[in-house]
Amino acid sequence: MVWQTIHRTQAECRAANLSNLPWVRHDFTWSMARSWLAGLPDGRGLNIAHEAVDRHAGGPLRDKAALRCLTPGAPPVELSYEDLRRRTNRFANVLVAYALDRGERVCTLLPQGADLVVAALGTVKCGGVLAPLPAAAGPDGVRARLLLAGPAVLVTTPQLYESTVGPVRDAVPGLRHVLVTGDGPPPAGTAGLGAATAQAGDRFEIPQTDPRQTALLQFTGGATGRPDGVVHVHEAVVAQHATARFALDLRPEDVYWCTAGPGSASGTSYGIVAPLSVGSTVVLDAGEPDARRWCSLLQQHRVTVWYTTPPAVRMLMEHGDPAAGGDVSALRLVASTGGPLPPEAVRWGLTRLGCAVQDTWSQAETGAIMISNFAGVDLRPGSMGFPVPGVEAALLAPGGGAARVIEAPDEVGELALRAGWPSMFRGYLHDEDRYARRFSGGWYLSGDLARRDADGYYWFAGRR
């Protein structure tokens, strides 16, 4: 079946952050994107936490809601940018008191919520490396990731500690401190996060931070089935901020919700860093995926930009009608990540949500969205869209020897990116050889297959 192009109206194009894609691609540079950020005072470098929190807390967004934390059965909890600044400062001071050295890793095993965001940004604020763990990994998966990361500190809940971490803790000898959330007495061998932060000061000066300093260790399953540690640096925030504006059309006035899990790459880059760097209000939901509840949350919290996944869209298509009994008219953009989005899902969004669901493409290794549809550019259902400004993409023909770039339309090849964008990963932890194999002739080899039609739209075609 041939799906018709969805044409953006003149009003949609005028309102979008990016509408004239060829013009922007021609003039845009990553240096320009860097100028959209503040940088640390006195030229001390670039730190993700400063861009996501402190610069807003020191300006007109100080009292604006940064986080809206939702837990089933409990009232919403909101934190302003100033609240978040103070809490991340306290957490950073706790790590300093625990003698965390610059570059040491802090793992989080937490549900969506304020504790996760505070630990994440407090870690990178003081020079530590954030390593978020997926809560669904189970004891064996957590053990493998802890052994790979070698963290000095772990932050988790009492329940997850008892069920997941406790049984494997003896296998991680370098783990010096475990902080657990909640108000009750902490399990043996751990310390209470609340008590530790209550004793810490709420003032903290971010130390000099080189943009190339490691900030994040993101775990992936890897082609071999074992976890891989993907290394990212503070400079990644340049691409994450720019793509939040371009691909997700984000603005400070938006109420933004990303459903990606807290241990995933998207859950960190676009669940925490990117939207906060823009100054949006970020919705964090600790509940389990449920179509009826999610429809209610979209209505109740007047979400304007929703970033989700193909399975979540299918869940709503099969079991929920977001507009039934409520109003989802606040939604102006819905985007998807984590796999190809079927054309019927794109059209369903137009009918049921009032805006088409637009696909994006990224990987843990890319650190940010690399190919996307845009709010001000015509959308072809089933297509990943175009490379974002600043990204050079190509399709490479299979075979040995020098890589051959495919120029002809609709020919399938391996999707490759010209190396050098700010959020490009800087290594696989403890696996330099594998990192080197991901590059050839100046191209990053994604392992994904795609085709490009005659008008420049990219279409996912499978895995290599």
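Would you check which residues across region 366-378 are surrounded by fewer than 24 Cβ atoms within 10 Å (Cβ to Cβ) and either modelled with pLDDT under 95 or under 14 Å from Ser264 (Cα atoms) (or both) and list them?
Matches in region 366-378: none.
Table: residues versus (1) closer than 23 Å to Leu84 by Cα; (2) touching a residue at least 60 places away in the same chain (Cβ under 8 Å).
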| position | (1), (2) |
| --- | --- |
| Ser163 | no, no |
| Gly189 | no, no |
| Ala200 | yes, yes |
| Arg203 | yes, yes |
| Thr220 | no, yes |
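Can you tell me which residues in region 58-83 are without any contact (Cβ under 8 Å) to a residue 60 or more places away in the chain and among the hydrophobic types (A, V, I, L, M, F, W, C)?
Ala74, Val77, Leu79
For Ile206, only one of the following conditions fails: (1) over 17 Å from Asp115 (Cα atoms); (2) among the hydrophobic types (A, V, I, L, M, F, W, C); (3) in a strand (DSSP E or B). What is its number?
For Ile206, the failing item is (3).
Where residues in region 418-440 are in contact with a Leu (Cβ under 9 Å, 6 or more places away or on another chain) and in contact (Cβ under 8 Å) with a residue 12 or more places away in the chain, which of them is surrounded by the fewest Cβ atoms within 10 Å (Cβ to Cβ)? It would help to see each step written out before you state the result.
Of all residues in region 418-440, those in contact with a Leu (Cβ under 9 Å, 6 or more places away or on another chain) come to 424, 429-430, 437-440.
Among the residues that remain, those that are also in contact (Cβ under 8 Å) with a residue 12 or more places away in the chain are: 424, 429-430, 438-440.
Details: Met424: 21, Leu429: 21, His430: 11, Arg438: 16, Phe439: 13, Ser440: 16.
Among those that are in contact with a Leu (Cβ under 9 Å, 6 or more places away or on another chain) and in contact (Cβ under 8 Å) with a residue 12 or more places away in the chain, it is His430.
Only residues in region 359-384 that are over 30 Å from Phe219 (Cβ atoms) count as the first member; pair them with residues that are of a type in the set (D, E, K, R) and part of a loop (DSSP other than H, G, I, E, B), Cβ under 6 angstrom, at least 6 apart or cross-chain, and list the lot.
So the pair list comes out as Ala375/Asp249; Gly376/Arg8; Asp378/Arg8.
Please go through region 294-344 and give me each residue that is assigned to a loop (DSSP other than H, G, I, E, B), among the hydroxyl-bearing types (Ser, Thr, Tyr) and modelled with pLDDT of 95 or more, ordered by number. Quick ask: steps written out before the conclusion?
Residues of region 294-344 that are assigned to a loop (DSSP other than H, G, I, E, B), as a first pass: 301-304, 309, 320-332, 337-342.
If we keep only those that are among the hydroxyl-bearing types (Ser, Thr, Tyr) as well, we get 304, 309, 329, 337.
Across region 294-344, the qualifying residues are Thr304, Thr309, Thr337.
Output the residue which, of all residues in region 192-211 that are surrounded by 15 or more Cβ atoms within 10 Å (Cβ to Cβ) and hydrophobic (A, V, I, L, M, F, W, C), is nearest to Arg44 (Cα to Cα).
Ile206
Read through the list (1) touching a Leu at 6+ places or on another chain (Cβ under 7 Å); (2) at pLDDT 95 or above; (3) over 24 Å from Thr268 (Cα atoms), then give the number of the only condition that Arg404 fails.
Of everything listed in (1) touching a Leu at 6+ places or on another chain (Cβ under 7 Å); (2) at pLDDT 95 or above; (3) over 24 Å from Thr268 (Cα atoms), Arg404 misses just condition (2).
Limited to region 41-60, what total is found for residues that are part of a loop (DSSP other than H, G, I, E, B) and either at positive phi or surrounded by fewer than 21 Cβ atoms within 10 Å (Cβ to Cβ) (or both)? Full working, then the answer.
To start, the set of residues in region 41-60 that are part of a loop (DSSP other than H, G, I, E, B) comprises 44, 46-47, 58-60.
Applying the additional criterion that residues be either at positive phi or surrounded by fewer than 21 Cβ atoms within 10 Å (Cβ to Cβ) (or both) yields 44, 58-60.
Of the residues in that region, 4 qualify.
Looking at (1) under 22 Å from Val153 (Cβ atoms); (2) in contact with a Cys (Cβ under 9 Å, 6 or more places away or on another chain); (3) surrounded by fewer than 18 Cβ atoms within 10 Å (Cβ to Cβ), which is the one condition that is false for Pro76?
Checking Pro76 against (1) under 22 Å from Val153 (Cβ atoms); (2) in contact with a Cys (Cβ under 9 Å, 6 or more places away or on another chain); (3) surrounded by fewer than 18 Cβ atoms within 10 Å (Cβ to Cβ), the one that fails is (1).
Examine region 441-450 for a residue that is surrounded by fewer than 19 Cβ atoms within 10 Å (Cβ to Cβ) and part of a loop (DSSP other than H, G, I, E, B), and state whether such a residue exists.
Among the residues of region 441-450, at least one is surrounded by fewer than 19 Cβ atoms within 10 Å (Cβ to Cβ) and part of a loop (DSSP other than H, G, I, E, B), which makes the answer yes.
Give region 112-128 a look and list any residue that's crowded, with 24+ Cβ neighbours inside 10 Å, of a type in the set (Gly, Ala, Ser), outside any loop (DSSP other than H, G, I, E, B) and touching a Lys or Arg at 6+ places or on another chain (Cβ under 9 Å), or say none.
Gly122
Provide a single number: the residues in region 212-230 that are surrounded by fewer than 18 Cβ atoms within 10 Å (Cβ to Cβ) and at pLDDT 95 or above. Talk me through it step by step, then tell me what you get.
Here is the first cut: in region 212-230, the ones surrounded by fewer than 18 Cβ atoms within 10 Å (Cβ to Cβ) are 212, 220-226.
The next check asks that each one be at pLDDT 95 or above; those that pass are 212.
Adding up the residues that qualify gives 1.
Checking the conditions here, which among Ala92, Ala131 is within 28 Å of Ala57 (Cβ to Cβ), touching a Lys or Arg at 6+ places or on another chain (Cβ under 9 Å), among the small types (Gly, Ala, Ser) and part of a strand (DSSP E or B)?
Working: Ala92 fails: part of a strand (DSSP E or B).
Checking each option against the conditions leaves just Ala131.
Working only within region 19-37, note down all residues that are among the aliphatic types (A, V, I, L, M) and either in contact with a strand residue (DSSP E or B) (Cβ under 8 Å, 6 or more places away or on another chain) or more than 16 Å from Pro422 (Cα to Cα) (or both). It would help to see each step written out before you state the result.
To start, the set of residues in region 19-37 that are among the aliphatic types (A, V, I, L, M) comprises 21, 24, 32-33, 37.
The answer is Leu21, Val24.
Regarding region 264-275, can at least one residue be identified that is closer than 24 Å to Asp63 by Cβ, in a strand (DSSP E or B), within 11 Å of the chain's Cα centre (by Cα) and in contact (Cβ under 8 Å) with a residue 12 or more places away in the chain?
no
The values are calculated or read from the model by the stated rules, or taken from the named source; none is laboratory data. Because the structure is predicted, anything quoted here is derived from the model rather than measured. Using ideal geometry, Cβ is built from the backbone for each residue, glycine included, and neighbour counts are taken over all protein chains shown.
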